[in-house]
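The values are calculated or read from the model by the stated rules, or taken from the named source; none is laboratory data. All figures in this text were calculated on a predicted structure; none of them were measured in a lab. Note that each Cβ is placed from the backbone with ideal geometry, even for glycine, and that neighbours are counted across all protein chains shown.
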Amino acid sequence: MSKKALMEYSVKNDLCIQDFSNGKISMTIGPNLHQDFIMNFHKLLTAATGKKWEINILKGPLGETIADKEKTIVEAKKKNVSEYPLVKKILEEFRGSKIETVIRKSIAELAESEPEESEVAFNQIETDEE
């Protein structure tokens, strides 16, 4: 795994930012955080912003990580979708099935993926003749 990927993983899963302001971050860290993370994170922030950063490590339980928050959002979307009447019927019909992924598309995206009316009409005529 690349250094950047490890850094991203750690930020999402192994720490909880308690306070963030210009040049200062306070966070609790998990037991799995690599020992060089804080030093590398400090270097990354300084290089990206051109400022010196103060990183404070707080004692206590880890708290809700970014990954935890993302999972909560995904689960809420699944629950929301499962309340749609059509989805309810499908889930009732296929007992034991569950929603794994929710992908929402904008109306513009849906319109792009829809066949044009002339294509639909042509396909219906061909089907009717057969």
If the Cβ limit is 8 Å and pairs must be 6+ apart or interchain, which residue in segment 3-17 that is surrounded by 13 or more Cβ atoms within 10 Å (Cβ to Cβ) pairs with which residue that is of a type in the set (D, E, K, R)?
Lys12/Glu70; Cys16/Glu64
Is there a residue being at pLDDT 90 or above, farther than 24 Å from Asp68 by Cβ and outside any helix (DSSP H, G or I) anywhere in segment 23-31?
yes
List the residue pairs whose Cβ atoms are under 6 Å apart, where the first residue sits in segment 68-92 and is in the same structural domain as Arg104 (by TED's automatic domain parsing), the second is in a helix (DSSP H, G or I) and exposed (fewer than 11 other Cβ atoms within 10 Å of the Cβ), and the two are 6 or more positions apart or on different chains.
none
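Condition first: among the charged types (D, E, K, R) and part of a loop (DSSP other than H, G, I, E, B). Now tell me which residues in segment 32-45 satisfy that.
First, the residues of segment 32-45 that are among the charged types (D, E, K, R): 36, 43.
Of everything in segment 32-45, just one residue is among the charged types (D, E, K, R) and part of a loop (DSSP other than H, G, I, E, B), namely Asp36.
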